[in-house]
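The values are calculated or read from the model by the stated rules, or taken from the named source; none is laboratory data. All figures in this text were calculated on a predicted structure; none of them were measured in a lab. Here the Cβ is made from the backbone with ideal geometry for all residues, glycine too, and neighbour counts use every protein chain on show.
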Amino acid sequence: MDSFRIHGGRRLAGRIQIEGSKNATLPLMAAALCTDGDLVLKNVPCLSDISNMARLLRELGVEIDGDSGTMLMKVVDHNLVHCRYDIVKTMRASICVLGPMLARRRRAVIAMPGGCAFGSRPIDLHLRGMQALGAKIDFNGGDIIVTAPDGLKGTTIFLGGPFGSTVLGTANVMCAAALAKGRTIIESAACEPEVVDLANLLNKMGARIQGAGGPRLVIDGVESLGSATHTVIPDRIVAGTYAVAAAVTNGDVILEEFPYDGMLAVIDRFNEIGVHVELLEGADDPMHATVRVTSERLLKPTHITTQPHPGFPTDLQAQFMTLLCIAEGNSIITEKIYPERFMHVAELSRMGAQIYRQGPTCVVAGGTQLRGAPVMASDLRASASLVLAGLAAEGETNVSRIYHLDRGYTKMEEQLNILGARIERISESATSKDGAGTTANEALSAAES
C-alpha cells in the first residue's frame, strides 16, 4: 500500500481546478442501465471508485469506452443481473444499480454490502422504496434478490430515516420510478446537488421528474428512456477539502469550477472561522464558479453540526476538525449523520491535537501547533484530514494506507504540489528490505534504467 510523505509548513498559493463529483458520477453511470441508447458522461474523475463501478457495469452487460474525462456507455446485454460480492465489497455505492436494473430488467441480485470503518450504513430505505413500487424482496446466500415480474407501479413513498434522508436511496427510487407506471411521489427525498444532477440527466433521457433539490419529488413514469450527453457537476467535497488546505497553511489559492451554490453551509462556517471565499467569476452559474480562498492570521473557533443538505456535509467534518485544531479557542463538532465517524481523532491526537470526544460530539481545543508524525488513514475523508494536518504541521508526516484517498481525490498529491506543497507518494512495491521507502517516480526511473 502506498503512503504519503508530507513536509509541512509550506504556504499554498496558486490556481487549480476542481474535478468532477465522485458521488454524482456513480449513480449517473448506473443510469446507463435504464436505456438502450448511448449515455455520454463528461468531466468524469479518474478514481478507483469510478473504475470499480465501470467493472461492475461491464459485468452487467454495459459496454464502456473511456475510464475518465469522457465516458461512453451502452447496454449490450440485458440478461445479466448479478452484482457479485467481490465487487460490491470494494464500494458501497454499488447499490445504486438496484433501481435502474429493477426498472429495466425487472430483476436484480445484489450481494449484501458490509459496513464501513465508521459504522453500519444499512440499505433498508432502498428496499422499502422498491417494495413500495411493487417489488418483492428475498435473501439467499448473502444476496438480496429483488424482483418485479409485472413491472413497477407509481405510489407515494416516505424515505426519511433516523439520520435524515438517503442520497443513494433517493437515486435508486427516482430511477425506478422514472420507468414505473403512473405517478410516484417521494417525500423526504434527499436534496443534495448530486440528486439534482441525476434528475437533470434522467430528464434529458426523457424522464418526467419535478422538484429535484427539494424534499418532495414528483415523477411521472414513461415507457422508455433514450440517449443523452451530460457533464458531471464539480465535486463539492474536493472543493471544500482544497479550501481547507489553503486555510490551514494561511495560503492564497484560486479554485476554478467551485460549486459555490452547493456549499453555502460550508462557506457560512468558513466565514465564522475567518476563512474568506471570495467569488471571482461565475455569479451567473454558481455551481461552476471561480473563487479565491484566503484566511485571517488568527482563526476563530466555531460550532459545527453535520446535517443532510443544505446543512453542513458529514463528508467535510474530518477536514474541518483539522482546521479547528489550529484555530484559537474551543470548537464543538457534533456528528448527526454517522455518530461513529471519528476514526481520525486518535490519529490527529498523535500529531498534538487536543480533541475530547463524548458520544457523537467532539470538543476541539485549538491553538496548538501540530507536529509531524506517522499516522494511518482509516477511511476516505479521515485520510484527507490527516493530509491537511500534515500540511499545517511542523516537520515530516507519513500517512499510510492512502488507497482510501485514491477513491475520492484524483492525484491529490499532484494537485497540492502545484500549489506549493511538498508531498511524495511512497510506493510499497518499491520499498527496500531495510524499510526505506522510494517515491513512485524514483521507482519508475529505476525500472527504466
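Points to keep in mind about this one:
- Taken over the stretch 367-402, residues that are assigned to a helix (DSSP H, G or I) and in contact with an Asp or Glu (Cβ under 7 Å, 6 or more places away or on another chain) amount to 3.
- GLY206 being within 18 Å of the chain's Cα centre (by Cα) and of a type outside the set (S, T, N, Q): no
- Just so you know, in the stretch 111-157 the residues that are at pLDDT 95 or above and closer than 15 Å to LEU80 by Cα include one that is surrounded by the most Cβ atoms within 10 Å (Cβ to Cβ), and it is VAL146.
- Taking the stretch 201-217 as the range and being buried (at least 17 other Cβ atoms within 10 Å of the Cβ) and not in a loop (DSSP other than H, G, I, E, B) as the test, the residues that pass are LEU201, LEU202, ILE209, ALA212, LEU217.
- Only one of ALA283, ALA243 that is free of Cβ contacts under 8 Å to residues at least 60 places away in the same chain, of a type in the set (Gly, Ala, Ser) and buried (at least 22 other Cβ atoms within 10 Å of the Cβ): ALA243
- The residue of the stretch 25-81 that is nearest to the chain's Cα centre (by Cα), among those that are assigned to a loop (DSSP other than H, G, I, E, B), within 23 Å of GLY206 (Cβ to Cβ) and of a type in the set (D, E, K, R), is ASP38.
- Of all residues in the stretch 158-178, those satisfying the criterion of being over 23 Å from the mean Cα position of the chain (by Cα) and crowded, with 24+ Cβ neighbours inside 10 Å are ALA177, ALA178.
- Flag for PHE270 being within 21 Å of ASP379 (Cα to Cα) and not in a loop (DSSP other than H, G, I, E, B): no
- Among residues of the stretch 406-428 being assigned to a helix (DSSP H, G or I) and touching a strand residue (DSSP E or B) at 6+ places or on another chain (Cβ under 9 Å), the one that is modelled with the lowest pLDDT is GLU428.
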